[in-house]
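The values are calculated or read from the model by the stated rules, or taken from the named source; none is laboratory data. Not measured: the values here are computed from a predicted model. Please note: Cβ atoms are built from the backbone with ideal geometry, for glycine as well, and neighbour counts cover all protein chains shown.
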Amino acid sequence: MTVSIRVMTAGQGVRYLFSSIIAGDGDRDATTALTRYYVEQGTPPGRWMGRGLTGLTVTSSSPVTEEQLRRLLGHGQDPMTGEPLGRPYRTFAPATDRVARRLAALPGDLTGADHTRQVAWINAEEAAKAIRVPVAGFDLTFSAPKSLSSLWAVADGGTQALIAQAHHAAIDDVLDLMEREVAMTRVGAEGMRGAVAQVQVRGVVAAAFDHYDSRAADPQLHTHVVVANRVQAVRDGRWRTLDSRALHGAVAGLSEHYNAVLSDHVARLLGVGWQARTRGPGRITRWEITGVPQELMDEFSVRTHDLEQAKDRLVSDYVARHGRAPSRAVLWRIRQQATLATRPPKETHSLAELTDTWRRRATTLLGRDATGWASQVLGAGTQEALLRADDLPLEHLHQIAATVLQEVGDRRSTWRRWNLHAEAVRQTMRLRFGSAGDREAVLRIIVEAAEHASLQLTPPELAVSPQQFRRADGSSVLRPRASIVYSSGQMLAAEDRLRAATLHRTAPTVSADLVQDAARPWGRLGGGLAGDQVDAITAIGVSARVLDLLVGPAGTGKTRTMAALRRAWEQRYGPGSVLGLAPSAAAAAVLGDELGIPTENTTKWLYEHRRGNWRLTPGQLVIIDEASLAGTFALDAITTHAATVGAKVLLVGDWAQLQAVDAGGAFGMLVRERPDAPQLVDVRRFGHDWEKHASLGLRLGDTAVIDTYLTHSRVLGADYDTVLDSAYQAWRADQRAGKVSVLIAEANQTVIELNQRARADRVLAGLVDEAGVRLHDGTQAARGDLVVTRKNDRRLALGRGWVKNNDRWQVVTAHTDGSLTVRREASRWHTTLRLPADYVANDVELGYAITAYRAQGVTVDSAHTLVASTTMTREAFYVAMSRGRQSNIAYVATDAHDLEDHQRRDDLAMTASSILFGILQHSGAELSATETLVAEQDAWGSIRQLVGEYDTIAQVAQHERWLALLRAGGLDEPTVDELVTTDSYPILAAALRRLEADGHDVERLLPQVVRAGGLAGAQDLGSLLRYRLQRATSRYTPAPRRRRLIAGLIPQATGVADPQLRVALAQREQLITQRADALAAAAAANPQSWATHLGPVPADPTAAARCRRQLATVAAYRDRWTITTSDPLGPIPGTDAQRLDYERARAALRTLQPPALDEAAGPWPAPTRTTARPPL
């Protein structure tokens, strides 16, 4: 992405941001800043940005000083005055302190098993929480496309200034959009996803810092826009934190928007054109300036120049020490040393120095004067038509919206507005607009049309939102902007058909006897099947389900199991009755080799099927391997056809491994909906028994197994360069020992660096030629190299096969025209194939290291996985750590090498264990649209969300009433006005509502407490009044009949004068009650639920009704506080608010525990009155 986001913690990185800035200030015009400081060492001073500056004493015309930014980011203060902007940054206790505090608060009468259980729960609950840190800001980095940076690097000064002007104007446009559509803050009580009300702010406060180059001193025009995590709400002028969830959700759309408006500005200012460039399968199309060659961008995109400089320095040192030039072998050792050298610190240069270097490099590559070439590119540009919004017919925009929806729907099962916005920008990138406003207007029409055509999964508001809780556009502040989740009717219909197919029992079968016979030892696959394997294929064979499942964790022997099923099936239906499919051609080929059946990839099979060429036949079994990687629409099309002709489909895979790049989630959905799905349980791959169990822990995200891997020396933590070298050396040692080993990394850049490392060694050993053909990622391939092809091309045939994505080859000859003659890796035959130059340039990569996606399905002797950052998902890590039979080792970079210096945290020592802990908690699995629909309905209808909304509305509804009581007690108007602005006032208001709901007469108590006097000079009047009220009410307990608690837990708001607010509260009260009743009824009817041991319902109708109310209270507590344990109440909570609800639910539970119930009575009946749907 050209706009990336990184969280900044309090005080982090301020010094680094200023370390390269030129001393002094002066002209603050961003347009001229880059040229004004052309000959001076460093980068221009930062500049203030954002509408939020109107609430501060600093202005956009003043420079950003280090002290100012330290006040803002380090302390949350006004940069000029030091006045606090809202509450101070929070400090978060470590898990050990939280556990100690909660254990100390356990009741003294809790002993024996109850105490042990609570201790275990508390330790587990606190250990599972993520490490929390105070967020001070967000570093939004705007990076110009490489072609624009390359042109800017070598152009004359005037052109450089115009490019910088366009870059800054585009940033301004994006920031303006962000302030209008994204920047919000949260207020109110907590719901399912934070504070329930999202309200508008005046704008953001940001500091922008321009940088010229990358760490490797390549041209990279980029700007760090540091957005403070402090925004001023429009509604009350108070400073709060930015809604970070909204910001993170919009970044992809903002990134695409920056590309688009930048292209408009550049076209207007320079008259150049833009063209789409696609670099192979799976890569998003990039738009670059017409006339800028890829070779120049590659020259400025890799560490080649930096490595050459490092090599030259090392050669000079060698000559100085030894008095002679290094030999060829020594020279390659020097180059290897340069490649592995710790990343050099980013040096400070003047733009003049950098430009001079860049021009020399470009001149060498282009074979002509680089500045003259840049002028020619500008002169050859054809001024594209600049459109206004009304130049495009509405019908045309609706056609684009349909394309947007198709593209998004093909890649995702569900989406939100910003996903549509990003795709709408991509679909209109070929157009140039006269202004950012024109482009926005067109995008708004396209996105709204796409939204209208989408199927909304998020439920509409379940209760009315009063006028006080609506934005200017009429939307409710209780629903975050752009948060609606969409899908398509086609996707839900496809998932419904797949779900139905697992229930339809009209498919062909094979007898259990045939399966048992096929499970005996057979051929080259060795011994017979184990018990779980036999049980699984027996269930599949006799089920008659049109769509069946076989779930197998990594290493459980899915291939052997499928082979036995194939034998049984062919014995019943004849040879050729089993067809194999897989999401990729390479996986299909492997499946065919292992099972001895015809195979194909799903895309090709469907293509031929839709053309009428390929069809299934009655009695046929279709095995789809690696089914978690298959898209939902592909699975639906194949299954629908199978059902029509009388065939059977078997999906084989593991929901815990990587998922489809296309819209997916279907396999996981089908497994979760069918608890009895055939499953292999015994892990057979690993040579060590402990690793069998540990791998299953990784699969489920059990963080306790991290210690197991550490104990067995399977995890190495160090800085990036150390683990890069360690992983490579271990892999090379295994290769030399004759083992089949893989080197795995999550990020493509890490794969490139590992490939370069391996190639350097092979050149040194004389196995690979030094000079070769340049590949798209900046690496080279020559004779002896191992390469991988990245695109299916059936025209490139070799024997009975052809070139497939993920095929591995050895280079025989690198030709001067850029083509490669190759033969298959480890092939017994020496037949060769010549890959054309254009294929090599775009679709060939070095093949020494692979990504986790390419590793899925591979079984080897050893696997070495490099974990380069915390962004790795649990699924990718599990795949990578389950490939090797003998060993699987993780090499974890602990130095946050992927971050710039100002983005790193000095206060947090990252360890291999803490990084892996975060990875195991980071699931990248996509839910199906059906599951998302259920989750959205459940979240917005949950008691936690409804109570958050109720409490927030109650604060407003009772506000004037509390003020009237304060005035009645004698507080003057200035004191009341000051009180309501304090942080303690909302807490006081909540306490008043709670006391009244418990039966206390606050109409009398509050004025009395105020009249008691002694309030003058109180530092925290709200807290003092609350303390006095608590003391006064602790002396007696009102009669239970006076209590007004919703579902036995939530204090009811009374005395509300505003009719709209009364209706809003009443509707939510009804929803809470209905939900609690429905949850209680479902729990009582489910023999596996938390309510099973509570005993039968009393026979007496009055007692039965009372017990149902108590059960609903417990159900409401669980739903409000997300209790998922089998125990009714779970662990004793650590917060006061939850503890109060816990005690109420505990009191209700006591009345339900046997033997208080009538043991002669029957089972729990459903409630006699409820309109709520069953819990989802």
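Report whether or not residue 204 is closer than 14 Å to residue 51 by Cβ, of a type in the set (A, V, I, L, M, F, W, C) and surrounded by fewer than 19 Cβ atoms within 10 Å (Cβ to Cβ).
Values: closer than 14 Å to residue 51 by Cβ: yes; of a type in the set (A, V, I, L, M, F, W, C): yes; surrounded by fewer than 19 Cβ atoms within 10 Å (Cβ to Cβ): no.
So residue 204 fails the test.
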Checking residue 694 against (1) farther than 24 Å from residue 538 by Cα; (2) assigned by TED's automatic domain parsing to the domain that holds residue 501; (3) at pLDDT 90 or above; (4) under 27 Å from the mean Cα position of the chain (by Cα), which test does it fail?
(2)
Check whether at least one residue in segment 120-130 is surrounded by 16 or more Cβ atoms within 10 Å (Cβ to Cβ) and assigned to a loop (DSSP other than H, G, I, E, B), and report yes or no.
no
Consider segment 617-630. How many of its residues are within 39 Å of the chain's Cα centre (by Cα) and either within 17 Å of residue 648 (Cβ to Cβ) or not assigned by TED's automatic domain parsing to the domain that holds residue 595 (or both)?
7
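Quick one: which strands (runs of 3 or more DSSP E) lie wholly within segment 758-820 and hold at least 3 residues that are touching a residue at least 12 places away in the same chain (Cβ under 8 Å)?
Values: elements: 786-789, 793-798, 801-803, 808-814.
Fully inside segment 758-820 and qualifying: 786-789, 793-798, 808-814.
Kindly check whether there is at least one residue in segment 198-209 that is under 24 Å from the mean Cα position of the chain (by Cα) and not in a loop (DSSP other than H, G, I, E, B). Let's see the steps before the verdict.
Taking segment 198-209 first, the residues under 24 Å from the mean Cα position of the chain (by Cα) are 198.
Still in the running and not in a loop (DSSP other than H, G, I, E, B): 198.
Within segment 198-209, one or more residues are under 24 Å from the mean Cα position of the chain (by Cα) and not in a loop (DSSP other than H, G, I, E, B).
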Every listed condition ((1) buried (at least 17 other Cβ atoms within 10 Å of the Cβ); (2) over 30 Å from residue 221 (Cα atoms); (3) out of contact with any Phe, Trp or Tyr (no Cβ under 7 Å at 6 or more places or on another chain)) holds for residue 85 save (3)
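May I ask you to verify whether residue 499 is closer than 30 Å to residue 561 by Cα and either in contact with a Leu (Cβ under 7 Å, 6 or more places away or on another chain) or surrounded by 14 or more Cβ atoms within 10 Å (Cβ to Cβ) (or both)? Steps first, answer last, please.
Values: closer than 30 Å to residue 561 by Cα: yes; either in contact with a Leu (Cβ under 7 Å, 6 or more places away or on another chain) or surrounded by 14 or more Cβ atoms within 10 Å (Cβ to Cβ) (or both): yes.
When the stated conditions are applied, residue 499 passes them.
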If I ask for residues that are part of a loop (DSSP other than H, G, I, E, B), in contact with an Asp or Glu (Cβ under 8 Å, 6 or more places away or on another chain) and on the phi < 0 side of the Ramachandran plot, which ones from segment 442-483 would you list?
457, 458, 459, 463, 466, 478, 479, 480, 481
Scan of segment 66-108 for residues that are assigned to a loop (DSSP other than H, G, I, E, B), more than 25 Å from residue 1130 (Cβ to Cβ) and in contact (Cβ under 8 Å) with a residue 12 or more places away in the chain, ordered by number:
76, 78, 79, 80, 81, 85, 86, 87, 88, 89, 90, 91
Scan segment 1074-1097 residue by residue and report those that are free of Cβ contacts under 8 Å to residues at least 40 places away in the same chain, in a helix (DSSP H, G or I) and in contact with a helix residue (DSSP H, G or I) (Cβ under 8 Å, 6 or more places away or on another chain).
1083
Filtered residue count, segment 170-192, keeping only those that are among the basic types (Lys, Arg) and within 18 Å of residue 417 (Cα to Cα)
1
Surrounded by 22 or more Cβ atoms within 10 Å (Cβ to Cβ) and in contact with a helix residue (DSSP H, G or I) (Cβ under 7 Å, 6 or more places away or on another chain): which single residue out of 787, 763, 751, 723 fits that description?
763
Based on this model, can you work out whether residue 587 counts as in contact (Cβ under 8 Å) with a residue 60 or more places away in the chain and within 19 Å of residue 634 (Cα to Cα)?
yes
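Please go through segment 471-481 and give me each residue that is touching a Phe, Trp or Tyr at 6+ places or on another chain (Cβ under 7 Å) and either surrounded by fewer than 20 Cβ atoms within 10 Å (Cβ to Cβ) or without any contact (Cβ under 8 Å) to a residue 60 or more places away in the chain (or both), ordered by number.
Kept after step one, since they are touching a Phe, Trp or Tyr at 6+ places or on another chain (Cβ under 7 Å), are these residues of segment 471-481: 476-478.
Answer for segment 471-481, where residues must be touching a Phe, Trp or Tyr at 6+ places or on another chain (Cβ under 7 Å) and either surrounded by fewer than 20 Cβ atoms within 10 Å (Cβ to Cβ) or without any contact (Cβ under 8 Å) to a residue 60 or more places away in the chain (or both): just 476.
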Go through segment 502-561 and count every residue that is buried (at least 19 other Cβ atoms within 10 Å of the Cβ) and on the phi > 0 side of the Ramachandran plot.
2
Of all residues making up segment 939-991, the number that are among the aliphatic types (A, V, I, L, M), closer than 23 Å to residue 240 by Cα and not in a helix (DSSP H, G or I):
1
Consider only pairs whose beta carbons are under 8 Å apart and that are at least six residues apart or on different chains; among these, list those whose first residue lies in segment 675-701 and is on the phi > 0 side of the Ramachandran plot and whose second residue is surrounded by fewer than 18 Cβ atoms within 10 Å (Cβ to Cβ).
701/921; 701/923
May I ask you to say which residue of 63, 94 is over 29 Å from the mean Cα position of the chain (by Cα) and of a type outside the set (Gly, Ala, Ser)?
63
Which condition from (1) surrounded by 17 or more Cβ atoms within 10 Å (Cβ to Cβ); (2) over 20 Å from residue 481 (Cα atoms) is the one that residue 411 breaks?
(1)
